[in-house]
Amino acid sequence: MAKQQITVPDIGGAEGAEVIELLVSAGDEIKLEQGLLVLESDKASMEIPSTLSGKVLQVLVKVGDELSEGHPIIVVETAGDEAADSGASEASEAGEAAKPKESEKAGSDPAASSRDDDAATPGKEAPAAAQKPQSRTTQSRTTQSRTTQSAESESREVTLLVPDIGTDEAVDVIELCFKAGDEVAEGDSLVVLESDKASMEVPATEAGRVVRWLVKEGAAVREGDPLVLLEATAQALTEGSASAGQGAGDTRSDDQDKANDRSAAATGPSSAAVAAPAKQATAAADVSSASADSDNSLAYAGPAVRKLARELGVDLAKVAGSGPRERILKEDVQGFVQRALSGKGPAAVSGAGIPAMPEVDFSAFGVIETVPRTKLDKLTAANMQRSWLNVPHVTQFDDADITDLESFRKSMKAEAERRGTRLTPMPFLLKACAHALRDNPKFNASLTADGESLVYKQYVHIGMAVDTPVGLMVPVIRDVDRKSIWELADEVVELAEKARERKLKPAEMQGGCFTISSLGNIGGNGFSPIVNTPEVGILGVSRAAVKPVWDGEVFQPRTLLPLSLSYDHRVINGGDAGRFCTQLVAVLGDIRRLLF
Ligand code: CAO
């Protein structure tokens, strides 16, 4: 066992990048390359990966801290000789905490030093994670981006290329920040690129007018790929090229006023301050919908905020920023959604055209008390709204005859007690769902964000909705298909307890493939649950009741369990759902089928 410290790696020279999210906490077991925290600078958000695997002993930073390269992040207890491989520093000596080790400084990258060590070790390959820094920013590297003049010097056209983005792998273009004809100032964010681990804005290294984009949103690009053809402005040409003689715009004067207006609202810090009052006025006036021609690129916001806005379907052009120079922060987007949900703001969510809810003065009708909602309630509300608006829901209903299951379960109660657990219907439901998920793999899949592909998961992790005093929580039970009923019973009890005591770790609520929401202990004949996206199916379970069932000759008293399966109709068809439900009902009707 050794104590090791992980520090901030080379983040492209960014100073004082803010910690916007912690992804691990003390006590967590972490793996090599697992995200530790998310940093955000003016131009990029980046997930800092672990260079070690082991147990987190201490987290040395908190949300809001401003970090630079070499700043210590966490102390990890590692097994065996991790220290030699990781490039992380020894944590044992006081005083070392605040400075990176020499080896890290020399390479500006703990991963780099690890690479050297590993290269020197015969027969040993450096782990993939250590071979490339996964956090990066383009702020400083963009200045290295090359420009090429067109062969004809009179054309005054400049091609801007993808700068050094810290990886050889292709990254996706997720946003083009300008349209053809727009004026771009030097330093304005041109495009937003996104890899698995980071999103980054690429600033323009020249000022000019966009003649033509050379990439499309969704394209994959690498360093050196052409991004955009600019007609350089007079100033840029004077500074940047001998062939530049005249200013841009002389032949496009009709468009110039329009372009200048747009330029005043562009993404750069200075222009955002000018644009903000107008933006607020627009937001206040436009209370009904997200307009079809809304333009997120005109907003002044970092990539992490843009990503959140995309996820929540928020039109950033309508959000007023409360950050420095009226930069839009995550809280601004969240507040915007909350206001939209409460009917106090523009309903700029995906369902464009949805009329806002009117504000009602309830005190006009009697005494009222207004209680602030918990964070969890508000988050659940946003997630439900997002799923409800984005996913075409269909719900299929059926009853499972659990007469035999119930008598078996009851016969096992004494044994459950001896084992110190509780045997409710839930472990059987989990197991039956795992069975149906195995045989109906579309239910164990998710749509990719672009809707072009399905991601089939080779694991079966099932979420279980838990009703807690502060709101709804959904812990995830992993590898349900590989666990025994007793193991599942223990986990149901443990996770429900943890949820109610608010002791669940983020990792225990992530990675679900499917969800079960059981209101069986509460009551009801049926309900249509909302799919927990990006999952594509959710099983609602209502209260079992003894009912007369015709067996062909007489009515028999049977215990029937009402099931309601909601699914994402973009992925699942009625036939798929029918087969899934029929199998579920058959397995719950005769649990010997679980053996197959
Ligand atoms: N029909 C009849 N009785 C049922 C039942 C059903 N479908 N499901 C559970 N029960 C019984 C259990 O058997 C238990 O009784 P016994 O101790 O006599 O066996 C009793 O109800 C209490 O069960 P439980 O709720 O403690 O345990 P569980 O494993 O069935 O459920 C949990 C665990 C966490 C899912 C549940 O407690 C819970 O929180 N449910 C609410 C989920 C929710 O809010 N869903 C809505 C989400 S959308 O807003």
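The values are calculated or read from the model by the stated rules, or taken from the named source; none is laboratory data. None of these values were measured; they are calculated from a predicted model. We place every Cβ from the backbone using ideal geometry, glycine too, and count neighbours over all the protein chains shown. When the accessible area is computed, the model is the full protein with side chains, heavy atoms only, and any ligands, DNA or RNA have been set aside. Shrake-Rupley method; radii C 1.70, N 1.55, O 1.52, S 1.80 Å.
Can you find a residue that is open to solvent by 70 Å² or more (accessible area, probe 1.4 Å), within 16 Å of the ligand (Cβ to nearest atom), in contact (Cβ under 8 Å) with a residue 60 or more places away in the chain and of a type outside the set (Ser, Thr, Tyr) anywhere in region 412-426? Yes, region 412-426 contains at least one residue that is open to solvent by 70 Å² or more (accessible area, probe 1.4 Å), within 16 Å of the ligand (Cβ to nearest atom), in contact (Cβ under 8 Å) with a residue 60 or more places away in the chain and of a type outside the set (Ser, Thr, Tyr). Of everything listed in (1) part of a helix (DSSP H, G or I); (2) surrounded by fewer than 15 Cβ atoms within 10 Å (Cβ to Cβ); (3) within 14 Å of the ligand (Cβ to nearest atom), the single unmet condition for Arg438 is (3). Annotation note: of Glu491, Glu487, Glu406, the sole residue that is modelled with pLDDT of 95 or more, open to solvent by 20 Å² or more (accessible area, probe 1.4 Å) and either farther than 19 Å from Asn521 by Cβ or of a type in the set (Gly, Ala, Ser) (or both) is Glu487. Ile530 falls short on exactly one of the conditions (1) closer than 16 Å to Ser446 by Cα; (2) near the ligand (Cβ under 10 Å from one of its atoms); (3) surrounded by fewer than 18 Cβ atoms within 10 Å (Cβ to Cβ), and that condition is (3).
Taking the listed residues Thr395, Thr380, the one that is in the same structural domain as Val587 (by TED's automatic domain parsing), within 41 Å of the chain's Cα centre (by Cα) and at pLDDT below 95 is Thr380, with no other qualifying. The number of residues in region 464-486 that are under 20 Å from Asn444 (Cβ atoms) and away from the ligand (no atom under 12 Å from the Cβ) comes to 7. Considered as a group, the residues in region 442-467 that are under 20 Å from Ile530 (Cα atoms) and free of Cβ contacts under 8 Å to residues at least 40 places away in the same chain include one that is most open to solvent (accessible area, probe 1.4 Å), and that residue is Ala449. Restricting attention to region 6-46, which residues are more than 17 Å from Pro72 (Cβ to Cβ), free of Cβ contacts under 8 Å to residues at least 40 places away in the same chain, open to solvent by 40 Å² or more (accessible area, probe 1.4 Å) and not in a strand (DSSP E or B)? Correct list: Lys31, Gln34.
Give the residues of region 358-400 that are away from the ligand (no atom under 13 Å from the Cβ) and among the charged types (D, E, K, R), sorted by residue number. Glu359, Asp361, Glu369, Arg373, Lys375, Lys378, Arg386, Asp398 - these are the residues of region 358-400 that are away from the ligand (no atom under 13 Å from the Cβ) and among the charged types (D, E, K, R).
The set of residues in region 16-29 being within 18 Å of Met46 (Cα to Cα) and of a type in the set (A, V, I, L, M) consists of Ala17, Val19, Ile20, Leu22, Leu23, Val24. Scanning region 351-388 for residues that are within 27 Å of Glu311 (Cβ to Cβ), in a helix (DSSP H, G or I) and either open to solvent by 60 Å² or more (accessible area, probe 1.4 Å) or in contact with a helix residue (DSSP H, G or I) (Cβ under 8 Å, 6 or more places away or on another chain) (or both) gives Lys375, Lys378, Leu379, Ala381, Ala382, Asn383, Met384, Gln385, Arg386, Trp388.
Asp404 fulfils the conditions (1) away from the ligand (no atom under 13 Å from the Cβ); (2) not in a helix (DSSP H, G or I) except for a single criterion, (2). Which members of region 496-518 meet the condition of being near the ligand (Cβ under 10 Å from one of its atoms) and touching a strand residue (DSSP E or B) at 6+ places or on another chain (Cβ under 7 Å)? Scanning region 496-518 gives Ala496, Ala499, Arg500, Thr515, Ile516, Ser517, Ser518. Of all positions in region 563-575, none carries a residue that is at positive phi and either surrounded by fewer than 19 Cβ atoms within 10 Å (Cβ to Cβ) or more than 10 Å from the ligand (Cβ to nearest atom) (or both).
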